[in-house]
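Colleague: Here it is, the structure in full.
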Amino acid sequence: MSRSPLHSEPAAGPRRRSLALPAAVLLAAALASCAPPPQAADGTGGTLRIAAATDPGETLNPYASKQSPTQELRSALLYEGLTHLDPAGKVEWRLATDMTPNADRTEWTIKLRPGVKFTDGSEFTSADVVASIKYLRDPAHAAQGLAFIERVDPDAVTAVDKTTVRVGLSKPFAPFKDIWANVLLPMTKAGSAPAKPIGTGPFAVKSFTAGRQSTLERFGAYWGERPKLDVVDIIEFPSQQAQANALLSDQVDVASGATPAIAKSLAGKNDIQVLESKGDFTLRIGFNTKVAPFDDVRVRQALRLLIDRDQVVSNALGGYGRVANDHEGGTPQCGDPGIAQRKQDIEQAKKLLADAGRPNLSFAITTDGLLPGMQELAQVFAENAAKAGVKVTVDVPTVPEFLSKWTDWPVFIDFNPIPYLPTVIGSLLPGRVGNATHWDDGEFIRLADELFVAPEQQQCSIMNRMHRIEHEQGAMITPAFVNVLLPHRGTVRGLVPDVNGRSLTFLTNVTVAG
């Protein structure tokens with residue numbers, strides 16, 4: 001899920017982004033056991049202080065139409081979905097324990113986990129799932145996760161009994177289980193959203209001040225393995241350098257956003273360590289195909305030939321990444337799609353621009369610079385483009401301004417942390433809030449429809465054909481996969497790397513030494 005206003009992981013979305021869910025083994029991943037994990041004895045694991053990016057427009061509503069990574073981080077600790085992605089990117093059961101389709105996959109029966117409590121102490125039942133899905137599905141609410149469940153028929157969502165829900169679809173959809181792992185599709189107590197949403201997560205809200213700080217406390221009646229931490233404080237800072245300074249001065253225990261340069265400068269100082277998550281998290285440059293000259297595929301191909309991908313990895317990412325090839329990741333079970341690696345070719349780029357009647361092209365790349373590497377990617381591209389006489393400037397508006405015009409920017413920096421299927425649904429098909437490029441390719445759409453009903457053994461072939469269309473006709477430069485870096489104090493124990501770059505959503509075994 002991209003950042004869409006939707007974004008994230010992402011993710012979407014925004015998005016944005018989705019922690020929603022923000023890159024992983026796709027949907028063929030085996031689902032974990034239905035049995036709930038053992039509950040940990042209540043104990044004192046201390047207070048974890050997390051530095052995060054300032055978001056003055058944030059809300060506690062997990063269905064909000066515009067979400068930053070800070071809001072998605074908090075939501076992942078307060079709310080849960082029917083399924084969930086583990087740190088390896090595999091789909092696990094969460095609030096559901098089984099999903100069974102009818103013969104043509106136009107109806108799914110969901111079995112819910114019994115004995116789950118909301119953080120206000122009330123019981124979680126099928127009525128809450130029905131209410132959550134209907135809320136998400138209502139276009140009037142502009143929920144960021146709506147795009148992922150557009151095939152759900154809101155009039156065919158019913159509670160069969162206390163722990164059973166039946167969901168009818170407008171079209172067959174095979175990967176139904178997997179889509180509910182998206183962080184943008186949580187379950188909340190019926191009637192509680194959007195004003196005072198109540199979730200079933202391992203933490204509950206103690207206090208919240210938008211743009212400044214969230215204090216979450218451990219939920220003692222959580223159904224699963226209870227966190228060892230007593231409190232999580234999410235403290236917001238205006239820049240990544242401010243986060244780093246707070247970590248150095250012991251104001252926080254973790255800096256959630258750090259450029260490679262900042263992470264390298266912190267490592268080893270004041271007992272600071274750096275956790276590195278490797279996966280298919282991408283930063284990409286998007287081109288609005290409704291705006292000339294980016295509606296011309298020759299121009300988009302030329303711009304892709306200008307970028308030096310090795311320089312992106314070495315300079316913008318400080319070596320923490322690997323070269324990508326202008327198509328999305330998130331399909332590691334399928335192997336290499338067999339597309340020749342695109343390399344920098346200044347002369348061919350100049351020829352394509354001349355053929356398109358745009359030999360002296362100039363434009364601005366817009367980014368809010370919210371995540372590490374965004375501004376650096378834009379700057380590397382600007383330097384590369386100058387070699388072909390293309391003038392590129394970099395604009396950095398505030399986060400609210402950037403999101404308020406999400407689908408209007410001619411050229412922008414986006415990110416994607418989520419697997420391929422939700423990426424297709426949320427940001428690569430026309431009409432999706434995550435599709436800020438407004439890309440609309442008929443053959444890609446046809447293949448997506450085929451993918452949504454295909455048996456597992458046929459999915460890789462279809463996805464590889466879709467990757468080829470992205471590579472040849474798409475509206476984004478995807479130059480590299482990014483390793484997500486998490487500087488933290490040595491007193492923090494139990495953090496785990498995550499293929500989606502969302503390590504701070506897995507806090508069950510984390511402790512902070514006194």
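Every number in this text was worked out from the coordinates using simple rules, so none of it is lab data. Note that the coordinates shown come from a computational prediction; the quantities given were computed from them, not determined experimentally. Counting neighbours? That spans all protein chains shown, and the Cβs are built from the backbone with ideal geometry, glycine included.
Colleague: Note down the nm distance, to one decimal, between modelled labels 7 Å out along Cα→Cβ at R493 and at E443.
Modeller: 5.7 nm
Colleague: Something else now. May I ask you to evaluate 6.51 cos²θ - 1.76 cosθ + 1.60, the Karplus curve with θ = phi - 60°, for each residue of segment 389-396 and list the ³J(HN,Hα) values in order in whole Hz, giving x for glycine and proline?
Modeller: x, 8, 8, 10, 10, 10, 9, 10
Colleague: Same structure again: For the pair V160/R105, report the inter-label distance in nm, with labels modelled 7 Å from Cα in the Cβ direction.
Modeller: With each label point 7 Å from Cα toward Cβ, the separation is 1.9 nm.
Colleague: Go through segment 464-469 residue by residue and turn each phi into a ³J(HN,Hα) via Karplus (6.51, -1.76, 1.60, θ = phi - 60°); whole Hz please, and just put x for glycine and proline.
Modeller: Here the 3J(HN,Hα) series is 5, 5, 5, 4, 5, 5 Hz.
Colleague: Can you run phi through the Karplus equation (6.51, -1.76, 1.60; θ = phi - 60°) for segment 364-369 and list ³J(HN,Hα) in whole Hz, with x for Gly and Pro?
Modeller: Per residue, the Karplus-derived 3J(HN,Hα) values read 10, 9, 9, 8, 7, x Hz.
Colleague: Also: So if I take the centroid of the Cα atoms in segment 143-211 and the same for segment 54-125, what is the distance between those two points in Å?
Modeller: First find each Cα centre; the distance between them is then 6 Å.
Colleague: Also: Where a Cα-Cα gap under 23 Å defines reach, which lysines qualify for K111, not counting those fewer than 8 residues away within the same chain?
Modeller: Result set, ordered by chain and number: K90, K134, K162, K171, K177, K189.
Colleague: K290: which lysines have alpha carbons under 25 Å from its alpha carbon, excluding same-chain residues fewer than 8 sequence positions away?
Modeller: Cα-Cα hits under 25 Å: K66, K350, K351, K391, K405.
Colleague: Using only DSSP helix segments of four residues or longer, with each worth -39500 (n - 2.57), what per-residue ellipticity at 222 nm results for the chain after dividing by its residue count and rounding to 500? Intermediate results must be reported in sequence, preceding the final value.
Modeller: Numbers: 12 runs with 113 residues, N = 514.
Roughly -6500 deg cm²/dmol at 222 nm, from the helical runs in the chain.
Colleague: Further, regarding this structure: Based on the alpha-carbon gyration tensor of segment 282-482 and its eigenvalue square roots a ≥ b ≥ c, which shape applies: rounded if a/c is under 1.5, prolate if not and a/b is larger than b/c, or oblate?
Modeller: Working: a/c = 1.44, a/b = 1.39, b/c = 1.04.
Cα axes put segment 282-482 in the rounded bin.
Colleague: Mind checking the full-extension length gain between D271 and S239? Use 0.36 nm per residue of separation minus the Cα-Cα distance, one decimal, nm.
Modeller: Working: separation 32, 0.36 × 32 = 11.52 nm, distance 2.20 nm.
So the extension gain works out to 9.3 nm.
Colleague: Could you tell me the center-to-center distance, by alpha carbons, between segment 420-460 and segment 327-352 in angstrom?
Modeller: Each part's Cα centre sits 19 Å from the other's.
Colleague: For segment 282-482, what is the relative contact order in percent, using Cα pairs closer than 8 Å and at least 6 residues apart in sequence? List each step's numbers first, then the result.
Modeller: Working: 330 pairs, mean separation 79.0, N = 201.
Over segment 282-482, the number comes to 39 percent.
Colleague: Which lysines, if any, have their Cα less than 25 Å from the Cα of K264, not counting same-chain residues under 8 positions apart?
Modeller: K278
Colleague: Can you work out the FRET efficiency for the pair K343 and A195, with r the C-beta to C-beta distance and R0 = 41 Å, to the nearest 0.05? Don't skip to the end; give the middle numbers.
Modeller: Working: r = 53 Å, r/R0 = 1.29.
With a Förster radius of 41 Å, E is 0.20.
Colleague: Then there's this: Scan [x] 21.3; [y] 26.7; [z] 25.4 for the value of mean projected area of the Cα convex hull in nm² calculated from this model and give just the label.
Modeller: [x]
Colleague: Tell me, in nm to one decimal, what length is gained between T407 and K117 on full extension, where the rule is 0.36 nm per residue of separation less the Cα-Cα distance? Intermediate results must be reported in sequence, preceding the final value.
Modeller: Details: separation 290, 0.36 × 290 = 104.40 nm, distance 3.89 nm.
Contour length minus the Cα-Cα distance gives 100.5 nm.
Colleague: Would you give the gap between the C-alpha center of segment 243-276 and the C-alpha center of segment 472-514, rounded to a whole Å?
Modeller: With segment 243-276 and segment 472-514 each reduced to a Cα centre, they are spaced 13 Å.
Colleague: Right, next: For K290 and K171 in one chain, what is 0.36 nm times their gap in residues minus the Cα-Cα distance, to one decimal in nm? Display every interim value, and only then the final one.
Modeller: Numbers: separation 119, 0.36 × 119 = 42.84 nm, distance 2.91 nm.
Between K290 and K171, full extension yields 39.9 nm more.
Colleague: Please work out the FRET efficiency for the pair S314 and T44, using the Cβ-Cβ distance as r and a Förster radius of 30 Å; give the result to the nearest 0.05.
Modeller: On the way: r = 44 Å, r/R0 = 1.47.
Calculated value: 0.10.
Colleague: Report the net charge of residues surrounding W93, where surrounding means a beta-carbon distance below 13 angstrom and charges are Lys +1, Arg +1, Asp -1, Glu -1.
Modeller: Once positives and negatives cancel, what remains is 0.
Colleague: With a/c under 1.5 counting as rounded, go ahead and sort segment 426-497 into rounded, prolate or oblate using the C-alpha gyration tensor (a ≥ b ≥ c being the square roots of the eigenvalues; past the cut-off, prolate if a/b is larger than b/c, else oblate).
Modeller: Numbers: a/c = 2.70, a/b = 1.89, b/c = 1.42.
Prolate is the answer for segment 426-497, as a/c is 1.5 or above and a/b outweighs b/c.
Colleague: With a/c under 1.5 counting as rounded, go ahead and sort segment 170-329 into rounded, prolate or oblate using the C-alpha gyration tensor (a ≥ b ≥ c being the square roots of the eigenvalues; past the cut-off, prolate if a/b is larger than b/c, else oblate). Write down the numbers at each step before the final one.
Modeller: Details: a/c = 2.18, a/b = 1.24, b/c = 1.75.
Here segment 170-329 falls in the oblate category.
Colleague: Okay, moving on. Taking a virtual spin label 7 Å from the Cα of Q213 along the C-beta vector, which residues in segment 234-263 bring their backbone nitrogen under 18 Å of it?
Modeller: Backbone N within reach: 234-239, 242-256.
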